[in-house]
Amino acid sequence: MSELGSTLDREFDEQAEPETDFMRRGVVKWLIRVVSGLYAIAFIVPVVRFLRSGSAEEGGEKVTQISLKAALTLKPGEFQMFKFGSKPAIVIRQGPDDFKAYLATCTHLGCTVNYNPGLRRITCACHGGQYDPDTGKNIAGPPPAPLAPLKTEVSSDGDFIVKA
Amino acid sequence: MGTLLSKLEERLPLAPLKEAALHKQVPIHKHAFWYYMGGISLFFFLVQMVTGVLLLFHYQPGAETAHASALRIMTKVDFGWLIRSIHSWSANLMVGAIFVHMFSVFFMKAYQKPRDLTWYTGLALLGMTFLFGFTGYLLPWDDIAFFATKVGVDVAAGTPVIGKEIANILRGGTDITGLTIQRFFALHAVVLPGIFIAILSLHLLLVQIHGNKIPEGVERANAYRTIPFFPNFLYADLYVWLLAFNVLSILAAIYPWPLGPEADILKPAPQGIHPEWYFMAQFQLLKMMPEPVAMTLFGAAGALWAIVPLWNPATATGRRGKLATYAGIAAAIGLIGLTILAYGKL
Ligand code: HEM
Ligand code: FES
């Protein structure tokens, strides 16, 4: 840019005509900046938008509810991992009618959590985070927030439903 | 041969280059051993290029094919296990050699003007080596690869302002999918090698221009002699490369690099999971304190380290150098201490 500018300067200098020249030079410099800026935008916007397009755009619709009949076969104290949309999730049966379900993504740095029935804790092997299975609350280690809860219900026709 | 050279000389200005090569001298003194570390780093990078290109002939990115092709390389492809093992071992040795190289130029104060540019290009090469390791690690798509990438990208997402955007671009969305493998593959095998080779060329050119830094004490006491680069130092360099090659071959053959079970988003992170040794210090910090604190601490220390040419510039007497020496010792103790602590708590 500046090199081009100084070349232009020299050319204008040679052609002299002091005052109009001064104005013309200012306008041309300004024009060059605007046009360069437009080119830069025309280049950057498509590239960034191209890179930003991810797999999330495909399909589009977000999962808000799934059926998980298999959870009904769990015995109290047992748990099961399942997919909620594209995310891993966990359901723990605490008692005959007491189910707890959470997204299984650790709120620290995203590892998939596990249930430890002996400890009665949801644990994360990556940095030792622990959560309370009754509430999803983060109770030990580095996780900064509770696990995202999911709602569970047994529908009138005997199906097990998990909802966001 | 002679005629080919003379034909080239008729067409290209080779005489000054030849002259320079013949006159280049390398200082020899009691710390001169460390001058080999950059060359060793270079050697491991060349090994990475050769074995990486070989792996390209069999490796297939994609959620369905990545792990299957890595497994094929390990079990069906003749010597596939060896090529993959060398690529993985050499990646680790390369990081190690660059670390030693960086600390040795730090203690020799070779980052001072006019070599500050060389220091900055070297730091860029170290950063890119981490990126090579990080992006390559996902490619076999085993369980550890999957969680290493989850944690690594989430750490990147914590960067103020642009972090989330960068994380989504890296993953190709909010989840780690086949598209993530594809993107890491493109970075690992196309983008990074291109940029790396460009910066490496600049780094080596700068090293040629400035020559080896002689540590202040040695220079003042005049306790050194010089030998010609060609052929004396070059032979010594090649000899060290041969040693490095032997060590690499023995490690790769005796301890073939393992391949874990295929990544499965429904499987919890395996017990005892941990990163490669060169990320263990950060790993330990992440366990001990909230993530933003850990990363700010590390980022600030890293930034201070990077700009040492600014806070410890060359002086006529070399007196202020002590501070940098203590900082170097503190950095080494800190990194090694955290790493030992991390392994102790596994
Ligand atoms: C031109 C340069 C390179 C090319 C073309 C290349 C290519 C590849 C390919 C195709 C793979 C997948 C094969 C597999 O996973 O078994 C891979 C994996 C990997 N690469 Fe590279 N690579 C290059 C440089 C590097 C460098 C400089 C490093 C240094 C840190 C590195 C570190 C790794 C690692 C850690 C893996 C994972 C190995 C595994 O567990 O299988 N690569 N690379
Ligand atoms: S990712 Fe779960 S504790 Fe760090």
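Values in this text are rule-based calculations from the coordinates and carry no lab data. All of these numbers come straight from a predicted model, not from anything done at the bench. When we count neighbours, we look across all protein chains shown, and the Cβ atoms used for this are built from the backbone with ideal geometry, even at glycine.
Quick notes on this one:
- About the Cα centre, charge dipole magnitude for chain B (Lys/Arg +1, Asp/Glu -1 at Cβ), debye: 1020 debye
- In range of the label at B:Ile195: residues from segment B:123-167 whose backbone nitrogen is under 14 Å from the point 7 Å along Cα→Cβ: B:123-136, B:166-167
- Take each residue in B:209-215, count the other chain C-beta atoms within 10 Å of its C-beta, and the mean is 0.
- Kirkwood Rh, Cα atoms: Rg over Rh of the protein assembly as shown: 1.06
- Other-chain or far-sequence residues with amide H under 5 Å of A:Tyr115's (modelled H): A:Thr123
- Label-reachable residues, segment A:103-144, where backbone N falls under 19 Å from a point 7 Å from B:Thr296's Cα toward its Cβ: A:108-109, A:142-144
- Cross-linked pairs B:Lys109/B:Lys150; A:Lys62/A:Lys137; B:Lys213/B:Lys322; A:Lys137/B:Lys267; A:Lys62/B:Lys150: Cα-Cα separations exceed 27 Å for B:Lys109/B:Lys150.
- Relative contact order of segment A:65-163, defined on C-alpha pairs under 8 angstrom at six or more residues apart (%): 25 percent
- Considering only B:Gly299, B:His101, B:Ala189, and ranking their Cα positions along the charge dipole of chain B that arises from unit charges at the beta-carbon of Lys, Arg, Asp and Glu, the one farthest toward the positive end is B:His101.
- Of the peptides B:105-116, B:143-154, the ranking by mean beta-carbon count within 10 Å, highest at the top, reads B:143-154, B:105-116.
- The B:Ala314 and B:Ala221 beta-carbon pair, evaluated with R₀ = 22 Å, returns a calculated FRET efficiency of approximately 0.75.
- Efficiency of FRET from Cβ geometry, B:Gln208 and B:Leu304, R₀ 35 Å, rounded to 0.05: 0.75
- Ranked by the mean number of other Cβ atoms within 10 Å of their residues, highest first, the peptides B:163-173, B:333-343 fall in the order B:163-173, B:333-343.
- The simple spin-label model puts a point 7 Å past each Cα toward its Cβ; for B:Leu266 and A:Thr73 those points are separated by 1.2 nm.
- Mean Cβ count within 10 Å, highest first, over the residues of peptides A:37-49, B:26-38, B:177-189: B:177-189, B:26-38, A:37-49
- Rounded to the nearest 10 degrees, the angle from helix B:80-107 to the longest Cα principal axis of chain B is 50 degrees.
- Other protein chain Cβ atoms within 10 Å, averaged over every residue that makes up B:264-274: 6
- Helical mean residue ellipticity (222 nm; -39500 (n - 2.57) per DSSP H run of 4+; nearest 500) of chain B: -22000 deg cm²/dmol
- For the peptide A:105-115, the mean number of other protein chain Cβ atoms found within 10 angstrom of a residue's Cβ is 6.
- Value of relative contact order over chain B, rounded to a whole percent, pairs C-alpha under 8 Å and six or more apart: 27 percent
- The alpha-carbon of B:Lys7 sits under 17 angstrom from the alpha-carbons of these lysines, leaving out residues fewer than 8 places away in its chain: B:Lys18.
- Interchain or long-range residues, amide H under 5 Å from A:Phe84's placed H: A:Ala89
- Cα-based radius of gyration of chain B once divided by 2.2 N^0.38 Å, which approximates compact folds: 1.10
- Nearest 10 degrees, 0 to 90: helix B:192-210 Cα axis against chain B principal axis: 20 degrees
- Projecting the Cα atoms of A:Asn138, A:Phe84, A:Gly128 onto the dipole axis of segment A:82-164, where Lys and Arg carry +1 and Asp and Glu carry -1 at the beta carbon, places A:Gly128 farthest toward the positive end.
- Here r is the Cβ-Cβ distance between A:Ser156 and B:Ile250 and R0 is 56 Å; the resulting FRET efficiency, rounded to 0.05, is 0.25.
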